[in-house]
1. From the list GLY415, GLY441, GLY401, GLY432, exactly one residue is loosely packed, with under 15 Cβ neighbours inside 10 Å and closer than 23 Å to SER239 by Cβ. Which is it?
2. Taking the stated definitions as given, is ALA230 touching a Ser or Thr at 6+ places or on another chain (Cβ under 9 Å), assigned to a helix (DSSP H, G or I) and more than 10 Å from the ligand (Cβ to nearest atom)?
3. Go through the stretch 235-263 and give me each residue that's outside any helix (DSSP H, G or I) and either within 9 Å of the ligand (Cβ to nearest atom) or of a type in the set (Phe, Trp, Tyr) (or both).
4. Is it the case that GLY16 is at positive phi and in contact with a Pro (Cβ under 9 Å, 6 or more places away or on another chain)?
5. Do you know which residues across the stretch 379-391 are of a type in the set (A, V, I, L, M, F, W, C) and either free of Cβ contacts under 8 Å to residues at least 60 places away in the same chain or farther than 19 Å from TYR43 by Cα (or both)?
6. Look at VAL175 and say whether it is within 23 Å of THR106 (Cα to Cα), among the β-branched types (Val, Ile, Thr) and within 16 Å of the ligand (Cβ to nearest atom).
7. So for the stretch 204-225 (the condition being within 16 Å of the ligand (Cβ to nearest atom) and at pLDDT below 95), does at least one residue qualify?
8. Among the residues in the stretch 209-219, are any touching a helix residue (DSSP H, G or I) at 6+ places or on another chain (Cβ under 9 Å), closer than 30 Å to ILE305 by Cα, in a loop (DSSP other than H, G, I, E, B) and in contact (Cβ under 8 Å) with a residue 24 or more places away in the chain?
Amino acid sequence: MINMASSQLNENIDRGQWTGRIGFILAAAGSAIGLGNIWRFPYSVAEGGGGLFVIIYLFFVLVIGLPVLLAELSLGRASQRNPVGAFKAMIPGKFWPYVGGLGVLTGGGILAFYSVIAGWTLGYLGKSVSGTLSQAVDGESSGQIFSSFVADPTWPVILSGIFLLITFFVVRGGVAKGIERATTLLMPALFVLLLALAVRALTLPNGMEGLIYLFTPDWSKLSLNVVMGALGQALFSLSLGMGAMITYGSYASKKENLWKSGIFIATADTGIALLAGLIIFPTLFFASADPQAGPGLVFVVLPTIFNQMPFGSVVAMAFFSLLGIAALTSTVSLLEVVVSYFVDEKGWSRHTASITIAGACFLLAIPSALAFGASPQLSGGDDSILPFGLDFLSLNNNIWGNYSLSIGAFLICVGVAWFWGIPKFLSALEDGHSQIFPMPGRQIVGLLVKIICPLAVLTVLIFIIATGNYF
Ligand code: PHE
């Protein structure tokens, strides 16, 4: 449909490209919207003191998330390359490709634990079909169903394997026929279902208590870990700091208005996270579940609300299918980052790259799948061999999903602002669309990418290192 061949580098012709505007925006929003919004955001809120976390999170989305998103999209589209190639092509010096390399590594690191949670959604889909989930009538019974499910030594491993296999098939299908097609169809459906669930949750008895919890900050909970968690969550949720948006930007044509795309992606992602909060917290107070339930939070809380609804089991099936799909559009982007590196830089075929990397991630996912009771050494309890009292999955979640993304976002800002240069970044951002954004907007984004974002991330990291408050 789009004929951009003349403006592209020759060797990029078979890299693939989005077929149009909607496809690009929905694929990028599909990468952003995923388990990060519906699984990770609510339990990070619970661990980070409710409204306090939400306020810091929103601040980071605006001040760091959106500028980094625009920087990544621009770098990707200007270079038409994977993260390593993008730095190689746009910024001179031996160091910068390693920043892309860190992103590729982080993509694999995140995929290896993310696919385990994604596997849980498949398991819960199975439970809603078989009817087991209708026994989850309150916080306690639902908690038991969850604990015995995740402590099983085989199912979580098998399900994460199945999820990676599906991810492999989509990525192998290519940019337009695989990734774009799947996302365009499914993202709108997810949104409608979430909206309906939010209405139900808010009208439950005690629903308003949940709302108050979500939006009232308890400043006494302020700590470095909460700030780090909110920063990591903002980056994780927007798929930033590791080159996913560089990669997706690299399949975009000059017809795309990257300002608009970036603002749309950030707004949609944040809106869906808040919507998930509006579902989880009222339900949590209603079901008297424990707000500190960690990675199991949504799996424990949501089934209790489904059982309070007419046609609850149908809603449960629809919800877990869509959650699985939202997860899929994110795992696809994680795998795509690594695959695009091996295809562009190492000349591997898309098929070989996708099967090899998905397979490697499956092996790396196994310890995370066993980290909730199946292997006490990995489960963060008394017999655990791991530091900080964390289970293997949570440890990886913190390392890759908070620290690595923050370091990545810092380096991307420094590279784009100080070595590629703000004028080149802004003209890449607006390439094909002259003067489409009012002047103060450009200056503010320039200032944020050049000074505020790197400084803010660095300050958080330095404080954490100096005080030793790692997790
Ligand atoms: N943003 C995705 C989510 O919220 C996770 C993700 C992180 C995907 C980093 C790609 C890169 O679920």
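The values are calculated or read from the model by the stated rules, or taken from the named source; none is laboratory data. Predicted model, so just to flag it, every value in this text is computed and none were measured. Positions of Cβ are generated from backbone atoms using ideal geometry, with glycine treated the same way; all protein chains shown enter the neighbour counts.
1. Of GLY415, GLY441, GLY401, GLY432, the one residue that is loosely packed, with under 15 Cβ neighbours inside 10 Å and closer than 23 Å to SER239 by Cβ is GLY441.
2. Numbers: touching a Ser or Thr at 6+ places or on another chain (Cβ under 9 Å): yes; assigned to a helix (DSSP H, G or I): yes; more than 10 Å from the ligand (Cβ to nearest atom): yes.
Yes; evaluated as a whole, the condition is true for this residue.
3. LEU238, SER239, LEU240, GLY241, MET242, GLY243, TYR251, listed by residue number.
4. no
5. ILE385, LEU386
6. Numbers: within 23 Å of THR106 (Cα to Cα): yes; among the β-branched types (Val, Ile, Thr): yes; within 16 Å of the ligand (Cβ to nearest atom): yes.
So VAL175 fits the description; yes.
7. Going residue by residue through the stretch 204-225, those that are within 16 Å of the ligand (Cβ to nearest atom) are none.
For the stretch 204-225, residues within 16 Å of the ligand (Cβ to nearest atom) and at pLDDT below 95: absent.
8. Yes, the stretch 209-219 contains at least one residue that is touching a helix residue (DSSP H, G or I) at 6+ places or on another chain (Cβ under 9 Å), closer than 30 Å to ILE305 by Cα, in a loop (DSSP other than H, G, I, E, B) and in contact (Cβ under 8 Å) with a residue 24 or more places away in the chain.
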